[in-house]
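Everything below concerns the one structure shown next.
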Amino acid sequence: MVKKANGRWRMCTDYTDLNKACPKDPYPLPSIDRLVDGVSGQALLSFMDAYSGYNQIRMHPDDEEKTAFITEAGAFCYKVMPFRLKNAGARYQRLMDKVFKEIIGKDMEVYVDDMVVKSSKAETHYHTLERVFTILRKNQLRLNPEKCSFGVRAGKFLGFMLTERGIEANPDKCQAIFNMRSPQNPTLFPLRRLGASAFWVTTVRPSFLLFCERSSTVRSAWSSSTSMCFSALSLISSMLVGRLKARESLKGLALSPF
């Protein structure tokens, strides 16, 4: 049993052997960068999350016994798709792409069980929400109200902070860098940890690339140049990543000095 962030419990079954024997579903997941870029810069957003999304898909009767697990009370199997199956994500994405095929990429973006409706006008937004709710009811799909927000100007999607202005630095991800001490140990572990943090902070990624360039030669000592670069990375102000509009002039654009 794994405790979730909301205090509830989720039962997880070890399907290591089953996953090894099961062929890989090649259905691709959408590009996160493409989804984030498509959602940013919109006037109104509605974020939705499916309620135990995987468990809303029925298992094929012939495959139910393959999900069997043993407890002190006896042997049981799933009638719905459980978590930890190798192809669960691909199967769910295929379902979402099928049921929302008319609006995905236009007024809506979906990544597995995370959904967002985007609009430039309020009237269009509410009309799209009506279409989404109709599709959800038709396919008997349920949402988790605790993780939904409708008609907002900004919100988090796939770890990124999206606003009407564009893609802004996620405060939660930035805080990890702000609180990080300057690595005194030149081993790769602290540098990898820093890289994992900076990967999610899109707006400071150019600065981190320069930091990597300067620290790549570090082998036995933490130099003054890398220390200065680390301080600049920690103190850099949050920049905005916006979408390029059609026929917009590129004059005046400049790269970050860091």
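Quick check on region 22-58: of everything there that is part of a loop (DSSP other than H, G, I, E, B) and charged (D, E, K, R), which residue is surrounded by the fewest Cβ atoms within 10 Å (Cβ to Cβ)? Before the answer, list the steps.
In the first step, residues of region 22-58 are kept if they are part of a loop (DSSP other than H, G, I, E, B); the result is 22-31, 40-43, 51-52, 57.
From what's left, charged (D, E, K, R): 24-25.
Values: K24: 9, D25: 15.
Result: K24.
With in contact (Cβ under 8 Å) with a residue 40 or more places away in the chain and of a type outside the set (V, I, T) as the only criterion, which of F76, F69, F100 stands out?
Values: F76 fails: in contact (Cβ under 8 Å) with a residue 40 or more places away in the chain; F100 fails: in contact (Cβ under 8 Å) with a residue 40 or more places away in the chain.
After ruling out the rest, the residue left standing is F69.
Remark: K86 matches the filter, which requires a residue to be part of a loop (DSSP other than H, G, I, E, B) and in contact (Cβ under 8 Å) with a residue 40 or more places away in the chain. The single condition among (1) assigned to a loop (DSSP other than H, G, I, E, B); (2) in contact (Cβ under 8 Å) with a residue 12 or more places away in the chain; (3) more than 27 Å from M11 (Cα to Cα) that K106 does not meet is (2).
Taken over region 66-78, the criterion of being among the charged types (D, E, K, R) and within 16 Å of L18 (Cα to Cα) is satisfied by K66 alone.
Can you find, within region 108-122, the residue that is farthest from G151 (Cα to Cα) among those that are crowded, with 21+ Cβ neighbours inside 10 Å and not basic (K, R)? Break it down into steps so the answer makes sense when it comes.
Let us first name the residues in region 108-122 that are crowded, with 21+ Cβ neighbours inside 10 Å, namely 108-110, 113, 115-118.
After this cut, where a residue has to be not basic (K, R) as well, the list is 108-110, 113, 115-117.
On the way: M108: 13, E109: 15, V110: 17, D113: 19, M115: 13, V116: 10, V117: 9 Å.
Applying the filter and picking the extreme gives D113.
Every number here is computed from the coordinates shown, using simple stated rules; none is lab data. Predicted model, so just to flag it, every value in this text is computed and none were measured. Every residue, glycine as well, gets a Cβ built from its backbone with ideal geometry; the counts of neighbours run over all protein chains shown.
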